[in-house]
Amino acid sequence: MFKLAPVALAALILSASALASPAQAQVKPFPADFKVQDIATNGAKIHVRVGGKGPAVVLLHGYGETGDMWEPMAVELAKTHTVIVPDLRGLGLSSKPASGGYDKKNQGQDVAGVLDALKVGQVDLVTHDIGNMVGYAFAAEHRDRVRRFVLIDAPLPGVGPWEEILKNPLLWHFRFGGPDMERLVAGRERIYLDRFWNEFSATPARFTEASREHYAKLYALPGAMHGGFSQFAAFDQDAIDNKAFIAEGKLTMPVLAMGGEKSFGPMMATVMRFAATNVTEGVVPDSGHWIMEENPKATVAMVRDFLEAKP
């Protein structure tokens with residue numbers, strides 16, 4: 001959830017007048033031919049959807065959503081790929097370990113464990129928000145398993161302009177958590193999440209009422225808000241781990257760094273050039289942070305074209 005203008009970290013673009021704009025997308029069930037399973041790995045049970053046939057691609061979601069966000073992209077990519085869509089630990093229908101494990105390096109091992117259970121070797125990665133951070137940790141530790149990597153609209157702790165990004169006043173939620181905060185939002189999950197869906201959208205109405213109700217129910221499940229807060233509480237450790245990954249060498253696989261036009265914009269590529277050597281810049285037009293709600297058609301097309309490009 002990062003509302004950063006394309007050309008300046010301090011610029012904030014909000015669109016109150018867009019509240020009346022027509023809705024563009026809402027959560028849909030995955031097709032019946034996608035197999036749903038819970039995979040026990042690394043001290044957690046990861047809820048996974050798998051469908052299609054061909055080279056494997058993993059889609060990782062971020063905060064405020066679950067793997068359900070990827071349905072339009074999963075349907076399109078399943079025409080040519082085996083599509084694997086987990087819920088991150090602590091979120092959605094995955095288990096919510098109270099004992100921890102929410103640092104992104106550990107969650108990268110969740111991804112590795114899921115792939116091992118599915119007997120999948122190499123994959124393409126497509127990630128959004130906190131999914132970027134989990135995907136980067138997986139790619140940094142398993143470089144031979146990642147063919148291509150798409151990161152969408154969120155920076156990496158400790159990488160590039162991270163300290164400047166932390167100064168953005170809209171990111172107060174990074175330090176919001178703990179037992180008292182969990183009590184504060186208990187029963188008010190929808191109110192808390194509406195703030196993200198509204199403030200980090202270019203067009204808030206495109207994050208539909210049906211989608212808001214869907215995700216609010218999932219985040220109201222026992223342990224879900226704790227799991228969500230824990231994703232942010234791990235950022236300090238994530239920053240340490242990411243600096244160590246970069247010290248070992250930048251990623252060398254092709255990377256597409258995409259930002260919403262009215263959110264992270266080309267800054268996404270700026271960040272990734274600190275961590276990867278082969279970075280292509282992409283900007284999702286007419287979109288804030290919530291790319292699959294605000295402009296799914298353009299997002300899917302950009303990702304598909306990158307994954308299918310000849311080496």
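Where in the stretch 104-207 are the helices (runs of 4 or more DSSP H), entirely inside, with at least 1 residues that are among the acidic types (Asp, Glu), closer than 22 Å to Gly227 by Cβ and within 18 Å of the chain's Cα centre (by Cα)?
On the way: elements: 104-117, 130-141, 162-165, 179-185, 189-199.
In the stretch 104-207, the matching helices (runs of 4 or more DSSP H) lie at 104-117, 189-199.
Got a sec? Which of Lys262, Lys217 is basic (Lys, Arg) and closer than 29 Å to Glu163 by Cβ? Break it down stepwise before answering.
Numbers: Lys217 fails: closer than 29 Å to Glu163 by Cβ.
Result: Lys262 is the single residue among Lys262, Lys217 that is basic (Lys, Arg) and closer than 29 Å to Glu163 by Cβ.
Quick one: which of Asp153, Asp144 is in contact (Cβ under 8 Å) with a residue 60 or more places away in the chain and either over 15 Å from His61 (Cβ atoms) or crowded, with 16+ Cβ neighbours inside 10 Å (or both)? Please lay out each step first, then the result.
Working: Asp144 fails: in contact (Cβ under 8 Å) with a residue 60 or more places away in the chain.
Checking each option against the conditions leaves just Asp153.
How many residues does the stretch 62-73 contain that are free of Cβ contacts under 8 Å to residues at least 40 places away in the same chain and touching a Phe, Trp or Tyr at 6+ places or on another chain (Cβ under 8 Å)? Reasoning before the result, please.
Applying the first criterion (free of Cβ contacts under 8 Å to residues at least 40 places away in the same chain) to the stretch 62-73 yields 67.
This time we only want the ones that are touching a Phe, Trp or Tyr at 6+ places or on another chain (Cβ under 8 Å), so: none.
Adding up the residues that qualify gives 0.
Are any of the residues in the stretch 247-259 out of contact with any helix residue (DSSP H, G or I) (no Cβ under 8 Å at 6 or more places or on another chain), surrounded by 24 or more Cβ atoms within 10 Å (Cβ to Cβ) and touching a residue at least 12 places away in the same chain (Cβ under 8 Å)? Walk me through it before giving the result.
Let us first name the residues in the stretch 247-259 that are out of contact with any helix residue (DSSP H, G or I) (no Cβ under 8 Å at 6 or more places or on another chain), namely 247, 249-250.
If we keep only those that are surrounded by 24 or more Cβ atoms within 10 Å (Cβ to Cβ) as well, we get none.
Among the residues of the stretch 247-259, not one is out of contact with any helix residue (DSSP H, G or I) (no Cβ under 8 Å at 6 or more places or on another chain), surrounded by 24 or more Cβ atoms within 10 Å (Cβ to Cβ) and touching a residue at least 12 places away in the same chain (Cβ under 8 Å), which makes the answer no.
Out of the stretch 19-41, which residues are in a strand (DSSP E or B) and modelled with pLDDT under 95?
Let us first name the residues in the stretch 19-41 that are in a strand (DSSP E or B), namely 25, 35-41.
Within the stretch 19-41, Ala25 is the sole residue that qualifies.
Hey, Gly282 hits all of (1) touching a Pro at 6+ places or on another chain (Cβ under 7 Å); (2) under 24 Å from Ala137 (Cβ atoms); (3) small (Gly, Ala, Ser) but one; which does it fall short on?
Status for Gly282: all satisfied but (1).
Inside the stretch 42-73, can you point out the residues that are assigned to a loop (DSSP other than H, G, I, E, B) and either closer than 14 Å to Leu115 by Cβ or out of contact with any Gly (no Cβ under 9 Å at 6 or more places or on another chain) (or both)? Talk me through it step by step, then tell me what you get.
The first filter runs over the stretch 42-73 and keeps only residues assigned to a loop (DSSP other than H, G, I, E, B), leaving 42-43, 53-55, 61-66.
Listed by number, the residues that qualify are Asn42, Lys53, Gly54, Pro55.
Of the numbered conditions (1) outside any strand (DSSP E or B); (2) surrounded by 17 or more Cβ atoms within 10 Å (Cβ to Cβ), Lys297 fails exactly one; give the number of that condition.
Condition not satisfied by Lys297: (2).
Applying the selection to the stretch 129-144, what residues are more than 19 Å from Asp87 (Cβ to Cβ) and touching a strand residue (DSSP E or B) at 6+ places or on another chain (Cβ under 6 Å)?
Here is the first cut: in the stretch 129-144, the ones more than 19 Å from Asp87 (Cβ to Cβ) are 139-144.
Selection gives Ala139 alone.
Specify which of the listed residues (Ala216, Ala186, Ala239, Ala220) is touching a helix residue (DSSP H, G or I) at 6+ places or on another chain (Cβ under 9 Å), more than 19 Å from Gly62 (Cα to Cα), of a type in the set (A, V, I, L, M) and touching a residue at least 12 places away in the same chain (Cβ under 8 Å). Give the derivation first.
Details: Ala216 fails: more than 19 Å from Gly62 (Cα to Cα); Ala239 fails: more than 19 Å from Gly62 (Cα to Cα); Ala220 fails: more than 19 Å from Gly62 (Cα to Cα).
Only one candidate qualifies: Ala186.
Across the stretch 228-256, what is the number of residues that are under 15 Å from the mean Cα position of the chain (by Cα) and more than 24 Å from Arg89 (Cα to Cα)?
Of the residues in that region, 1 qualify.
Any idea which of (1) closer than 25 Å to Ala74 by Cα; (2) outside any helix (DSSP H, G or I) is the one Ala210 doesn't satisfy?
Failed condition: (2).
Search the stretch 74-94 for residues that are closer than 21 Å to Pro296 by Cα and pair each with any residue that is assigned to a loop (DSSP other than H, G, I, E, B) and among the aliphatic types (A, V, I, L, M) when their beta-carbon atoms are under 8 Å apart and the residues are at least 6 apart or on different chains.
Sorted first by the residue in the stretch 74-94, then by its partner, the pairs are Thr82/Val120; Ile84/Leu118; Ile84/Val120; Asp87/Leu93.
For the subset of the stretch 74-96 comprising residues that are assigned to a loop (DSSP other than H, G, I, E, B), touching a helix residue (DSSP H, G or I) at 6+ places or on another chain (Cβ under 8 Å) and of a type outside the set (D, E, K, R), which member is farthest from Gly131 (Cα to Cα)? So that I can check it myself, show each step before the final result.
First, the residues of the stretch 74-96 that are assigned to a loop (DSSP other than H, G, I, E, B): 78-81, 87-96.
Now narrow it down to the ones that are touching a helix residue (DSSP H, G or I) at 6+ places or on another chain (Cβ under 8 Å): 80-81, 87-93, 96.
Right, trim to of a type outside the set (D, E, K, R) and you get 80-81, 88, 90-93.
Values: Thr80: 23, His81: 20, Leu88: 8, Gly90: 13, Leu91: 12, Gly92: 13, Leu93: 16 Å.
Per the stated criteria, the residue is Thr80.
So Phe207 ticks every box in (1) more than 30 Å from Ala139 (Cβ to Cβ); (2) surrounded by 17 or more Cβ atoms within 10 Å (Cβ to Cβ); (3) of a type in the set (A, V, I, L, M, F, W, C) but one. Which box is left unticked?
(1)
Within the stretch 263-279, can one find any residue that is touching a residue at least 12 places away in the same chain (Cβ under 8 Å), part of a helix (DSSP H, G or I), hydroxyl-bearing (Ser, Thr, Tyr) and surrounded by fewer than 22 Cβ atoms within 10 Å (Cβ to Cβ)? Break it down into steps so the answer makes sense when it comes.
Of the stretch 263-279, the ones touching a residue at least 12 places away in the same chain (Cβ under 8 Å) are 263-279.
If we keep only those that are part of a helix (DSSP H, G or I) as well, we get 267-272.
Filter once more, so that each one left must be hydroxyl-bearing (Ser, Thr, Tyr): 270.
Retained after the next criterion (residues that are surrounded by fewer than 22 Cβ atoms within 10 Å (Cβ to Cβ)): 270.
Yes, the conditions are met somewhere in the stretch 263-279.
The values are calculated or read from the model by the stated rules, or taken from the named source; none is laboratory data. Computed from a predicted model, the values in this text were never measured in an experiment. Cβ atoms come from the backbone with ideal geometry, glycine included; neighbour counts cover every protein chain shown.
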